[in-house]
Amino acid sequence: MLAYVVRRLLYAIPILIGVNLLTFALFFVVNTPEDMARMQLGVKRVTPEAIEKWKAERGYDKPLFVNAAAGGVGVLTETIFFEKSARMFVGDFGRAEDGRDIAREIRTRMVPSLAIAVPTFALGLFVTVSFALLLAFFRATPLDFWGVVLCVAMMSISGLFYIIGGQYLFAKIFRLVPISGFGEGLDTLRFLVLPVLIGVVSGIGSSTRWYRTIFLEEINRDYVRTARAKGLAETAVMFGHVLRNALIPILTGVVVVIPLLFMGSLLTESFFGIPGLGSYTIDAISAQDFAVVRAMVFIGSVLYIVGLILTDISYTLVDPRIRFG
Amino acid sequence: MQPVLLWSDLFIWLLVAAGVVGAWWSARQPLLAAAWARVGRSRPGMAAATLLAAFALIGLLDSLHYRPQLPAQPGEKPAYAVEVLSALDALLTPLRTRVEKTYSAPLATRAYAKEMIELRQTDGTLVNQRDFPRLRHGGASLGDDEARAGADIAGRALSALAFAALVWLALCALAARRVAGRAALGFGAAWRKLWRGDTAFAWDAVLVALGLILAVAAVFVGLAVEYHVLGTDKVGQDVLYQVLKSVRTALVIGLVTTLVTLPLAIFLGIVAGYFRGWADDLIQYLYTVLNSIPGVLLIAAAVLMMQVVIDTHPQWFATAAERADLRLLALCFILGLTSWTGLARLLRGEALKLRELEYVQAAQAFGVSDLRILGRHLLPNLMHIVIIALVMDFSGLVLAEAVLSYVGIGVDPTMISFGTMINNARMELGREPVVWWSLLAAFAFMFVLVLAANLLADAVRDAFDPRMA
């Protein structure tokens with residue numbers, strides 16, 4: 001098991017290097033730092049001096065890969081690639097346009113993101129699995145049919161509609177919760193209720209349908225027929241056998257997103273004014289803060305790869321048939 | 001007028017051509033033809049297909065672009081406007097040109113906001129008063145007799161509905177005649193057979209869907225000649241016009257993207273699965289790297305970089321429409337480049353299985369070349385996965401466009417799309433009284449389009465997936 005985890009971790013390194021090279025190529029080769037400077041400073045009437053100053057302030061005035069002018073190790077370290085891309089591996093993301101340290105910003109903004117994402121994830125999983133189990137229990141009845149119809153309709157609604165509609169209805173018309181913002185301590189709860197509920201509701205459609213097919217596949221297995229033949233009640237079959245076995249694909253399919261919860265949700269956070277990583281990313285995109293976007297791309301892929309490794313480990317934990325050497 | 005072929009038009013018409021060739025080809029493949037016949041039997045699937053056909057018609061009309069000729073003196077060389085219009089614009093000229101000052105509610109005769117206006121009193125003097133001004137075009141034919149608006153609207157809607165009902169009955173009769181001809185029945189027997197849902201093709205679903213489309217379209221047309229059916233937006237543009245224009249953007253995003261996705265996914269997926277070895281390792285590495293970057297962030301990074309390219313090379317684009325069009329295409333390419341990985345992985349897994357089957361091994365033993373095996377033996381047996389993925393992706397892409405446009409990395413802000421409509425309208429919910437029509441119209445049309453796509457996707461998946469049969 002340990003050897004397997006170590007091997008998977010080692011396998012992650014070339015992938016991270018690939019991600020790093022890809023983002024580097026996207027940000028520095030497709031466009032030169034001159035282009036970026038011109039974009040930031042305004043395209044027309046910008047002096048070469050201003051561009052040089054902009055580049056020097058951000059350390060973009062060095063060569064891309066090889067700095068022949070610098071001596072010793074500096075040939076490789078005094079370059080844009082080393083300073084902007086390679087240093088990400090040790091958690092140094094540089095500074096944002098407003099001069100703040102990105103790594104520090106990420107640490108403080110992680111908390112609000114998690115405060116929204118974790119309850120949404122846990123509650124959403126519980127609601128959708130229960131709903132799917134209900135539909136599978138009443139399979140081939142009108143309840144199942146209309147449940148599926150509801151799911152298809154719900155997954156056809158834009159995520160923006162859930163947020164805008166929910167905010168309008170519950171915050172503006174009924175005035176049950178504040179429209180947006182984030183507080184301290186217990187006060188935070190008031191701000192969290194609506195985004196979490198909207199997050200859960202908007203996920204119901206597609207997840208329920210997916211889980212329902214998993215349950216139905218499981219119901220047609222031989223061991224279920226055996227259980228019924230033994231004379232077990234339908235509820236005992238559903239909870240004792242079908243649910244337990246169907247949880248294997250559901251859990252392993254879900255584990256991969258757990259690390260990504262750190263990243264927060266782009267839409268929810270920006271609509272509800274939550275100072276998390278999602279709104280940080282959105283602000284960076286609209287302000288064209290390339291350093292922040294680059295950092296978020298890197299962190300996102302690290303978390304995704306962690307999720308993949310966790311998925312593989314969770315297979316061995318929940319499914320005794322699988323053993324990794 | 002001078003025809004203009006935008007790049008996205010080219011891709012759309014290429015897609016239409018590909019669709020026609022694909023339909024012709026699959027009609028001659030017994031297995032595919034049988035699967036499509038199963039789709040034709042599905043009621044929700046066929047109703048959805050009818051709706052999608054209506055959307056496609058709007059989108060195609062909107063893809064025939066031209067530059068209108070400017071009025072010129074006789075003997076002068078003809079000059080053309082800078083503005084690029086489409087056949088749809090020409091059809092909707094009254095909607096496009098009848099612009100109000102600012103917001104007005106659906107079917108309103110007066111504007112949304114009060115203004116200082118001159119009122120003529122009964123004794124003939126002019127008085128300045130703050131009131132809701134009359135709209136320039138909404139209900140203009142009523143004159144001063146605004147109280148008649150309700151009756152006028154009801155009358156127009158009813159006569160439009162009556163007209164739609166006549167057309168619909170004629171279409172039903174045509175369908176019944178076709179059923180009668182096929183089954184060698186009398187007209188009455190065919191009519192009953194059709195409505196019992198006893199036909200091999202789900203005629204009843206198609207006709208019900210057609211009836212709904214005709215009713216809505218007729219009411220919209222009947223009222224749009226006189227009123228703003230869905231109201232007007234901040235700059236006074238008709239919301240119905242914007243919604244209809246958004247359809248093309250959504251279709252381009254949903255379809256042209258797959259034009260990028262399919263070749264990449266098919267080629268790389270099959271090659272990885274069939275050849276294994278270093279090709280497999282390399283391709284797997286490639287898609288794991290692409291996959292591990294969260295989608296929105298990768299798209300954001302790519303779109304930001306594309307913006308830099310566009311902004312630093314203004315000389316590439318002759319008109320604003322051209323720039324917006326190329327930006328839309330670039331967005332499709334970026335979406336395609338980031339979303340081929342899922343399908344490629346599916347195809348690789350399937351190709352791994354197929355290469356071990358006897359018929360492939362027999363072909364190898366006969367000395368058939370690898371390329372021929374890929375093209376003649378593997379590809380046709382993977383087509384069902386490709387078709388399922390194609391229809392399943394469409395709805396996701398349409399929804400993604402709205403989100404991306406909201407984040408600011410979607411289509412050009414000057415291009416009318418569901419995303420830009422929602423983005424412009426969402427702040428209006430804060431007004432008092434609420435301006436809801438723009439937002440609701442965009443969401444409703446998007447919902448119908450995506451729901452139809454989802455229903456068709458389900459029907460196609462049920463018909464093509466061998467595990468379902």
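The values are calculated or read from the model by the stated rules, or taken from the named source; none is laboratory data. Note that this is a predicted model, so its numbers are computed, not measured. Note that we place each Cβ from the backbone using ideal geometry, even for glycine, and neighbour counts take in every protein chain shown.
The selection criterion, being farther than 29 Å from B:Asp198 by Cβ, in a helix (DSSP H, G or I), at pLDDT 85 or above and in contact with a Ser or Thr (Cβ under 8 Å, 6 or more places away or on another chain), holds for B:Asp9.
Per the listing B:Ser395, B:Ser417, B:Ser405, the residue uniquely crowded, with 19+ Cβ neighbours inside 10 Å, without any contact (Cβ under 8 Å) to a residue 24 or more places away in the chain and within 24 Å of B:Ser63 (Cα to Cα) is B:Ser405.
Residues that are outside any helix (DSSP H, G or I) and away from every other protein chain (no Cβ under 14 Å) do occur in segment A:298-319. What do you reckon, is A:Pro320 surrounded by fewer than 22 Cβ atoms within 10 Å (Cβ to Cβ) and free of Cβ contacts under 8 Å to residues at least 12 places away in the same chain? Spelling it out, A:Pro320 is indeed surrounded by fewer than 22 Cβ atoms within 10 Å (Cβ to Cβ) and free of Cβ contacts under 8 Å to residues at least 12 places away in the same chain.
B:Phe443 meets each of the listed conditions (1) in contact with a Lys or Arg (Cβ under 8 Å, 6 or more places away or on another chain); (2) facing another protein chain (nearest Cβ under 10 Å) apart from (1).
For segment B:311-325, the criterion of being surrounded by 14 or more Cβ atoms within 10 Å (Cβ to Cβ) and touching a Lys or Arg at 6+ places or on another chain (Cβ under 7 Å) is met by at least one residue.
Yes or no: B:Ser63 surrounded by 18 or more Cβ atoms within 10 Å (Cβ to Cβ) and part of a loop (DSSP other than H, G, I, E, B)?
Details: surrounded by 18 or more Cβ atoms within 10 Å (Cβ to Cβ): yes; part of a loop (DSSP other than H, G, I, E, B): yes.
Yes.
Of the residues A:Gly159, A:Gly124, which single one is within 9 Å of chain B (Cβ to nearest Cβ), buried (at least 19 other Cβ atoms within 10 Å of the Cβ), touching a residue at least 60 places away in the same chain (Cβ under 8 Å) and not polar (S, T, N, Q)? Full working, then the answer.
On the way: A:Gly124 fails: within 9 Å of chain B (Cβ to nearest Cβ).
None of the others qualify; the one that does is A:Gly159.
Counting only residues that are within 22 Å of A:Thr77 (Cβ to Cβ) and either modelled with pLDDT of 80 or more or more than 10 Å from chain B (Cβ to nearest Cβ) (or both), how many does segment A:29-51 have? So the answer is 1.
Take the conditions farther than 16 Å from A:Met296 by Cα and acidic (Asp, Glu) and apply them to A:Glu97. Does it pass? Walk me through it before giving the result.
Working: farther than 16 Å from A:Met296 by Cα: no; acidic (Asp, Glu): yes.
Against the criterion (farther than 16 Å from A:Met296 by Cα and acidic (Asp, Glu)), A:Glu97 does not qualify.
Checked against (1) outside the structural domain of B:Arg38 (by TED's automatic domain parsing); (2) part of a helix (DSSP H, G or I); (3) over 19 Å from B:Thr50 (Cα atoms), B:Lys245 passes all but a single condition, namely (1). Residues of segment B:337-376 being touching a residue at least 40 places away in the same chain (Cβ under 8 Å) and of a type in the set (Phe, Trp, Tyr), which ones? Correct list: B:Trp340 only.
Listed conditions (1) within 14 Å of chain A (Cβ to nearest Cβ); (2) not in a helix (DSSP H, G or I) are all met by B:Ala318, apart from (1).
So which of B:Phe267, B:Phe220 is assigned by TED's automatic domain parsing to the domain that holds B:Leu382, without any contact (Cβ under 8 Å) to a residue 40 or more places away in the chain and at negative phi?
On the way: B:Phe220 fails: assigned by TED's automatic domain parsing to the domain that holds B:Leu382.
Unique residue meeting the criteria: B:Phe267.
For segment B:162-174, state whether one or more residues are under 30 Å from B:Ser417 (Cα atoms), of a type outside the set (Ser, Thr, Tyr), crowded, with 20+ Cβ neighbours inside 10 Å and at pLDDT 85 or above. Talk me through it step by step, then tell me what you get.
First, pick out the residues of segment B:162-174 that are under 30 Å from B:Ser417 (Cα atoms): B:164.
Among the residues that remain, those that are also of a type outside the set (Ser, Thr, Tyr) are: B:164.
Still in the list and also crowded, with 20+ Cβ neighbours inside 10 Å: B:164.
The next check asks that each one be at pLDDT 85 or above; those that pass are B:164.
The answer is yes; a qualifying residue exists.
Would you confirm whether or not segment A:172-187 contains a residue that is of a type in the set (Phe, Trp, Tyr), surrounded by 18 or more Cβ atoms within 10 Å (Cβ to Cβ), more than 14 Å from chain B (Cβ to nearest Cβ) and not in a helix (DSSP H, G or I)? Within segment A:172-187, one or more residues are of a type in the set (Phe, Trp, Tyr), surrounded by 18 or more Cβ atoms within 10 Å (Cβ to Cβ), more than 14 Å from chain B (Cβ to nearest Cβ) and not in a helix (DSSP H, G or I).
For segment A:284-294, does any single residue satisfy the condition of being under 12 Å from the mean Cα position of the chain (by Cα), hydroxyl-bearing (Ser, Thr, Tyr) and either facing another protein chain (nearest Cβ under 9 Å) or outside any helix (DSSP H, G or I) (or both)? Can you show your working first?
Filtering segment A:284-294 for residues under 12 Å from the mean Cα position of the chain (by Cα) gives none.
So far as segment A:284-294 goes, no, none of its residues is under 12 Å from the mean Cα position of the chain (by Cα), hydroxyl-bearing (Ser, Thr, Tyr) and either facing another protein chain (nearest Cβ under 9 Å) or outside any helix (DSSP H, G or I) (or both).
For segment B:258-277, the condition of being within 14 Å of chain A (Cβ to nearest Cβ), surrounded by 17 or more Cβ atoms within 10 Å (Cβ to Cβ) and either more than 23 Å from B:Leu382 (Cα to Cα) or hydroxyl-bearing (Ser, Thr, Tyr) (or both) holds for none of the residues.
Please pick out the residue among A:Gly278, A:Gly240 that is modelled with pLDDT of 85 or more, part of a helix (DSSP H, G or I) and within 12 Å of chain B (Cβ to nearest Cβ).
Numbers: A:Gly240 fails: within 12 Å of chain B (Cβ to nearest Cβ).
Going through A:Gly278, A:Gly240 in turn, the sole match is A:Gly278.
For segment B:80-87, check the following and say yes or no: at least one residue is closer than 30 Å to B:Ala324 by Cβ and part of a helix (DSSP H, G or I).
As a first pass, look at segment B:80-87 and keep what is closer than 30 Å to B:Ala324 by Cβ: B:80-87.
Okay, now just the ones that are also part of a helix (DSSP H, G or I), so B:87.
For segment B:80-87, residues closer than 30 Å to B:Ala324 by Cβ and part of a helix (DSSP H, G or I): present.
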